[in-house]
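The values are calculated or read from the model by the stated rules, or taken from the named source; none is laboratory data. The shown structure was predicted, so the numbers you read here are calculated from the model rather than taken from an experiment. Cβ atoms come from the backbone with ideal geometry, glycine included; neighbour counts cover every protein chain shown.
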Amino acid sequence: MKQEIDKAMADYYARRASEYERVYQKPERQADLRRLADLLSSAFAGQDVLEVACGTGYWTQFIAKSARSIVATDINPEVLDIARRKDYGPCWVTFLESSAYSLAGVEAGCSAGFHGFWWSHIPVQKIGAFITCFHAALSKDAMVVMIDNAYVEGSSTPISRRDENGNTYQIRQLQDGTKHEVLKNFPSSLGLRTILKPHANDVRVTPFDYYWMVRYRTKR
Ligand SMILES: C[S@@+](CC[C@H](N)C(=O)[O-])C[C@H]1O[C@@H](n2cnc3c(N)ncnc32)[C@H](O)[C@@H]1O
């Protein structure tokens, strides 16, 4: 069953690759998106960053403005192909096809970590395993930043159901008319802090109107 959720998620994003960045054109979200872009443009000054589930490289572009290097990973070659075509300036950016749950091929020791809009897609029963794997690829006391969606009535796709583990789902339609059930969780600030507590120091949660950002240091 777990396997099926993961495969369905990966397949959905492979099919969505060419239309993915339309999500960053929603008019009501532009002010928040500019704030996130500004924050990420300076957050990683001089760092060697591991980015998980980088998709089309939308956030990679902003991280690259101050980072020294980025290893950007995703499970889908379709999105990585789009990401590779972007301009990252002088930052040394390499892309790697790798699952977030194994990070196979990633060289350990990056000084910072980032993932955007990935946390919400991790089944709650797999979050601990993901954090362990992610942190193992980072240096001790590494800085981590993650951003994701808040649920906003009227702007977010409605929740269609909740499973026995507490994961929530949405039914999403692609431009070709196909419909896909996608696991999408909307954790509270307290929920995020509770899950991160055993793994993180200096946890800071910043709510935006449509998004949230969490910054912390790894506890290892
Ligand atoms: C919501 S998108 C986020 C993309 C990008 N981080 C952004 O914010 O624009 C989720 C991404 O997770 C990737 N993905 C799905 N399953 C994955 C897995 N098991 N391991 C790594 N990436 C995965 C998809 O290919 C997709 O690019």
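Restricting to the range 95-110, count the residues that are assigned to a strand (DSSP E or B) and among the charged types (D, E, K, R).
Of all residues in the range 95-110, those assigned to a strand (DSSP E or B) come to 95-97, 110.
Of the ones still in play, those that are also among the charged types (D, E, K, R) are 97.
Number of matching residues: 1.
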Tell me which residues, restricted to the range 5-38, are under 26 Å from Ser66 (Cα atoms) and more than 9 Å from the ligand (Cβ to nearest atom). Arg22, Gln25, Arg29, Gln30, Ala31, Asp32, Leu33, Arg34, Arg35, Leu36, Ala37, Asp38
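Hey, does the range 148-165 have a residue that's in contact with a Pro (Cβ under 6 Å, 6 or more places away or on another chain) and at pLDDT 95 or above? Break it down into steps so the answer makes sense when it comes.
From the range 148-165, those in contact with a Pro (Cβ under 6 Å, 6 or more places away or on another chain) are none; that's our starting set.
Looking for residues that are in contact with a Pro (Cβ under 6 Å, 6 or more places away or on another chain) and at pLDDT 95 or above, one finds none in the range 148-165, hence no.
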The range 89-122 - residue that is aromatic (Phe, Trp, Tyr) and surrounded by fewer than 19 Cβ atoms within 10 Å (Cβ to Cβ) and, of those, nearest to Ser41 (Cα to Cα): Trp92
Return the residue satisfying two criteria in turn: it lies in the range 123-135 and is within 12 Å of the ligand (Cβ to nearest atom) and touching a residue at least 40 places away in the same chain (Cβ under 8 Å), and of such residues it is surrounded by the most Cβ atoms within 10 Å (Cβ to Cβ). Phe134
Out of (1) surrounded by fewer than 17 Cβ atoms within 10 Å (Cβ to Cβ); (2) in a loop (DSSP other than H, G, I, E, B), the odd one out for Cys54 is which? (1)
Give the residue, chosen from Phe62, Phe95, that is within 14 Å of the ligand (Cβ to nearest atom) and in contact with a Lys or Arg (Cβ under 6 Å, 6 or more places away or on another chain). Phe95
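On the given criteria, is Ser188 loosely packed, with under 14 Cβ neighbours inside 10 Å, at negative phi and under 19 Å from the mean Cα position of the chain (by Cα)? If you could, list the steps in order and put the result at the bottom.
On the way: loosely packed, with under 14 Cβ neighbours inside 10 Å: yes; at negative phi: yes; under 19 Å from the mean Cα position of the chain (by Cα): yes.
The answer is yes for Ser188.
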Here are some conditions: (1) within 15 Å of the ligand (Cβ to nearest atom); (2) in contact with a helix residue (DSSP H, G or I) (Cβ under 9 Å, 6 or more places away or on another chain). Ala108 meets all but one. Which one does it not meet? (1)
